[in-house]
1. If we scan the range 151-159, do we find a residue that is hydroxyl-bearing (S, T, Y) and within 15 Å of the ligand (Cβ to nearest atom)?
2. Could you list, in sequence order, all residues of the range 62-115 that are within 16 Å of the chain's Cα centre (by Cα), under 19 Å from Q177 (Cα atoms) and among the basic types (K, R)?
3. Within the range 210-222, track down each residue that is away from the ligand (no atom under 13 Å from the Cβ) and either of a type in the set (G, A, S) or at pLDDT below 95 (or both).
4. Taking the condition assigned by TED's automatic domain parsing to the domain that holds A8 and assigned to a loop (DSSP other than H, G, I, E, B), does N276 pass?
5. Scan the range 18-45 and report the pairs whose first residue is surrounded by 24 or more Cβ atoms within 10 Å (Cβ to Cβ) and whose second residue is among the aromatic types (F, W, Y) and at pLDDT 95 or above, with Cβ atoms within less than 6 Å and a gap of 6+ or a chain change.
6. Given the conditions (1) part of a helix (DSSP H, G or I); (2) touching a helix residue (DSSP H, G or I) at 6+ places or on another chain (Cβ under 6 Å), report the number of the one that L71 does not fulfil.
7. Counting only residues that are more than 17 Å from T170 (Cβ to Cβ), without any contact (Cβ under 8 Å) to a residue 40 or more places away in the chain, among the charged types (D, E, K, R) and surrounded by fewer than 23 Cβ atoms within 10 Å (Cβ to Cβ), how many does the range 215-269 have?
8. Any residue in the range 148-171 that is within 21 Å of A15 (Cβ to Cβ) and not assigned by TED's automatic domain parsing to the domain that holds W96 sitting within a Cβ distance under 7 Å of a residue that is of a type in the set (F, W, Y) and part of a loop (DSSP other than H, G, I, E, B)? List the pairs, counting only those 6 or more apart or interchain.
Amino acid sequence: MNMTEYFANHNVLLAPMAGVTDIAMRTLSREFGADMTFTEMVSAKGLSYANEKTRQLLALAEGEDKVAVQLFGHEPDVMASQAAWIEDAMGEHLAWLDINMGCPARKITSKGEGSALMKTPELAAEIVHEIKRAVACPVTVKFRRGYAIGEETAPEFACRMEQAGADAITVHGRFAQQMYSGVSDRGTIARVKQAVRLPVVGNGDVKRGEDAASLMAETGCDAIMIARGAQGNPWIFREAQIAIAGGEVPSRPTVDEKVAMARRHAELLARREGRNIVRMRKHASWYMAGVPRGAEARGRINACTTLDDFNAVFDEVLRVTRQYEAAGFFMNNTGL
Ligand SMILES: Cc1cc2nc3c(=O)[nH]c(=O)nc-3n(C[C@H](O)[C@H](O)[C@H](O)COP(=O)(O)O)c2cc1C
């Protein structure tokens with residue numbers, strides 16, 4: 001796959017999110033217009049120990065033809081051998097391999113992994129180089145504006161990744177030390193785009209379809225990637241596609257639509273994970289943002305474990321919504 005050609009027609013991506021971008025979320029994101037989705041980040045070391053939980057992260061969703069897999073680690077040989085293993089195991093279902101050089105979590109950076117690799121560009125380049133030698137699929141790298149606050153190393157780092165053989169890069173416009181505070185700097189993404197010939201994916205703070213279109217227009221990036229804006233909100237992909245095409249973005253989903261989507265999400269999870277779908281709690285809470293008496297619903301969600309538990313909360317949300325409507329409140333658009 002040539003990434004420049006690919007991004008010419010596929011430019012709205014669901015970002016990798018550990019603990020979030022499971023098969024259910026990926027299915028719904030695809031259905032609503034995400035051109036590509038990523039697995040949760042996968043530990044190269046965990047895979048090398050044939051850890052079953054790690055391997056499960058590579059499972060495809062129903063009807064998912066391709067997925068991009070994100071690897072993290074710091075040992076070039078381990079990462080290269082596991083990249084080859086993934087390519088072999090997944091075959092044509094693997095869209096490409098992405099390397100995590102942006103995660104700011106201490107448990108990752110303390111081992112020299114994730115965003116800590118921005119502090120060791122030579123090692124980062126060696127990782128890319130070794131993985132490229134081991135696989136035939138495209139290899140991309142995801143990183144941040146820089147590691148330390150105020151030190152924008154992204155453009156230079158991008159050049160290193162290009163020289164090492166990366167096929168595309170994704171930049172999130174925050175420093176690693178910022179974690180998720182402040183705003184994602186669009187200027188960084190524009191400067192990275194200027195610095196390399198590779199396709200650049202812009203990431204950070206795309207919360208509405210309009211943000212996707214303006215991020216592309218302002219930075220010249222080839223594609224955009226959405227993380228938090230997609231939580232409880234698969235509609236954002238349709239909105240982004242319409243906005244990028246210059247169309248009029250449809251109105252936000254109603255409470256009924258949100259509840260229906262939350263039910264589907266729970267069903268998809270239950271089909272895969274069985275009776276205990278505790279992982280649905282965070283998704284359900286995101287879907288219930290902006291619904292009447294949402295705080296109360298979220299409180300109840302925190303005690304749910306089964307599909308029936310979640311459906312009981314959703315039924316109650318609809319009952320309250322009908323009451324609000326009967327009292328004359330207009331609940332047709334949650335505005336979120
Ligand atoms: C809960 C959560 C988990 C994340 N996990 C990953 C991950 O596994 N790999 C990665 O590269 N980025 C991860 N990220 C970062 C996002 O992919 C993205 O770069 C960041 O959230 C900025 O985009 P946004 O403003 O659209 O959220 C995670 C973010 C969140 C909120």
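1. Checked against the condition, which is being hydroxyl-bearing (S, T, Y) and within 15 Å of the ligand (Cβ to nearest atom), the range 151-159 yields no hits at all.
2. None - no residue of the range 62-115 is within 16 Å of the chain's Cα centre (by Cα), under 19 Å from Q177 (Cα atoms) and among the basic types (K, R), so the list stays empty.
3. Within the range 210-222, A213, S214, A217, G220 qualify.
4. So N276 does not fit the description; no.
5. S29/F237; A34/F237; M41/F72
6. (1)
7. Matching residues across the range 215-269 total 2.
8. Listed by first residue and then by second, the contacts come to nothing, as the list is empty.
The values are calculated or read from the model by the stated rules, or taken from the named source; none is laboratory data. This is a predicted model, so every value here is computed, not measured. Heads up, the Cβs are rebuilt from the backbone with ideal geometry, glycines too, and the neighbour counts pull from every protein chain shown.
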